[in-house]
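Coordinate-derived values only; no laboratory data. Just so it is clear, the structure is predicted and the values come from calculations on it, not from any experiment. All Cβ positions, even for glycine, are placed from backbone atoms using ideal geometry, and neighbour counts span all protein chains on display.
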Amino acid sequence: MAKKDYKALAAGIIEKAGGAGNIASVTHCMTRLRLVLRDKSKFDTDAVKQVPGVLNVIIQNGEYQVVIGQDVPDVYAEAIKIDGIKAGGSVEDAEAAAKDLAQDHGNIGNAILSFIGGTFSPIIPVLVAGGLTGAVLSLLTNVFGVSAESGTYTIIYAINQATFYFLPIFIGFSAAARLKSNGFLGAFLGAVLLYSSINGAEGLDFFGIPVQAISYNSTVFPVILGVLFMSVVYKFLQKHIPVFLKTIVVPLVTILITVPVTLIVLGPIGNTMGTWLADGVYALYQAVPALAVMIIGITTPLMVFFGMNNATYPVVFALLAAVGSDPLVCTGMAPANVAVGGACLAAALLSDKVEEKSVSVSAGITALCGITEPVIYTVALTNFKRFICAFVGGGVAGVIGGILGIKFYTWGGDGIFRIPSMINPAGLDISFWGFLICAAIAFVVSAIGSYAVTSADEKA
């Protein structure tokens, strides 16, 4: 699943603001990248607004504020890597944040999706590396004859299993950092949930209050709810505890309050949420598999466009935990990304301009690998008919994938890099071969459609 290109976003803003030499300093609040300029006449407001990922530009108190949303820390991190940029760090502006978040999200539902997506994005490399080791194991045992009793198998198996067993720790850190809380305390909470005497333990109580026996390994929602509560406690204590006591009191009291509340209340709620989500999604898939996967295939480019694709991760992990595979989300998204690449590469064939052809080829290849933003924000939007062709290609592939019953067995890459994730640990089956068929169909349908509509436009 593709993530935003923060480097390109930062570079685009700086360029339209007059270049690094025109930036006296840069800071950020929760939602805005704030620039102090040397020559204000070099700032092209309209051009900055057109940079993909920029929501608005506000000029206030001599400061040029570029509204980005909650991803702004990531954009800031890339901006200060540019030579000549003076970093000013983070500043507080609760009023601006509240106003921007209301515009950015519109409602609490979108805000939740943004938080979940922002939590999972930083840990994608871990998930990819750990997940694909499952495919490596399958190849080693089924193709190369490596024994499941060997040390080689044991080590690679440990890499794969540790990734998901300790998932609450990774999520705990990332969620806390997303909330501008203490990431290490978030990881600490995840580690406590996984501790051997707590994780899945029967008969526990806390001052006489019973603690439900829950296996927290590979879960998502319990630690997220726990970190949300922890963040409130942490920030309250940070604000009210005297400075000379903060180092000792704040972390101690935060964890002593958060852990029992999570184990007694929030953990069971989160576990139930995950179970209900998995059961509901799987029931939908079982009822109308072809239609369900088709909808994912059609809507994937739109989810990427609106930044909602990363918010599907909890669904994937809920399915993997409940039924051992994902027959719906990732199996629909991967061919859809290939479809976007097909539409883009077809458009490249028709372009007479060297620069346009170069951009289209580069973006198309990137899309085949699962990173579709360059296509969606540049090539596709210049001709919406191409975008529609990508919808069609993804939808057709989704129908076929649903009929064939292909499944996603472990976490991995996206686009064509999802192929190893379709390898059944028991050996190659319809999921592997079916995915190759679906990806090929998505590419061909989208490419032919894009070629046709672009040709018609050019003839007109």
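Results, tabulated for the structure shown:
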quantity	calculated
Longest DSSP-loop-exposure-free segment, trypsin sites (Lys or Arg not before Pro), the chain, at most 12 other Cβ within 10 Å	87-352
Rh by Kirkwood over Cα pairs, then Stokes-Einstein D for segment 186-228 at 1.306 mPa s and 10 °C, µm²/s	146
Long-range HN-HN contacts of residue 65 with modeled amide H, under 5 Å	35, 58, 59, 60
Exposed chymotrypsin sites (Phe, Trp or Tyr not before Pro) absent: longest stretch of the chain, with sites in DSSP loops and at most 15 other Cβ within 10 Å deemed exposed	307-460
Cα gyration tensor shape for the chain, rounded if a/c is under 1.5, else prolate or oblate	oblate
Computed over segment 135-220: relative contact order in percent, which uses C-alpha pairs under 8 Å that are six or more apart	23
Segment 166-278, relative contact order [Cα under 8 Å, separation at least 6], %	28
Ellipsoid equivalent to segment 389-447 - semi-axes via the Cα gyration tensor, in Å	20, 12, 8
Note, ³J(HN,Hα) from phi for segment 206-222, Karplus 6.51, -1.76, 1.60, rounded to Hz, x at Gly and Pro	10, 6, x, 8, x, 10, 5, 6, 9, 8, 8, 4, 6, 8, 10, 5, x
Of 7/385; 16/180; 40/81; 16/49; 49/385; 7/49, pairs whose Cα-Cα distance is over 19 Å	7/385; 16/180; 40/81; 49/385
Per-residue [θ]222 nm for the chain (sum of -39500 (n - 2.57) over DSSP H runs n ≥ 4, rounded to 500)	-20500 deg cm²/dmol
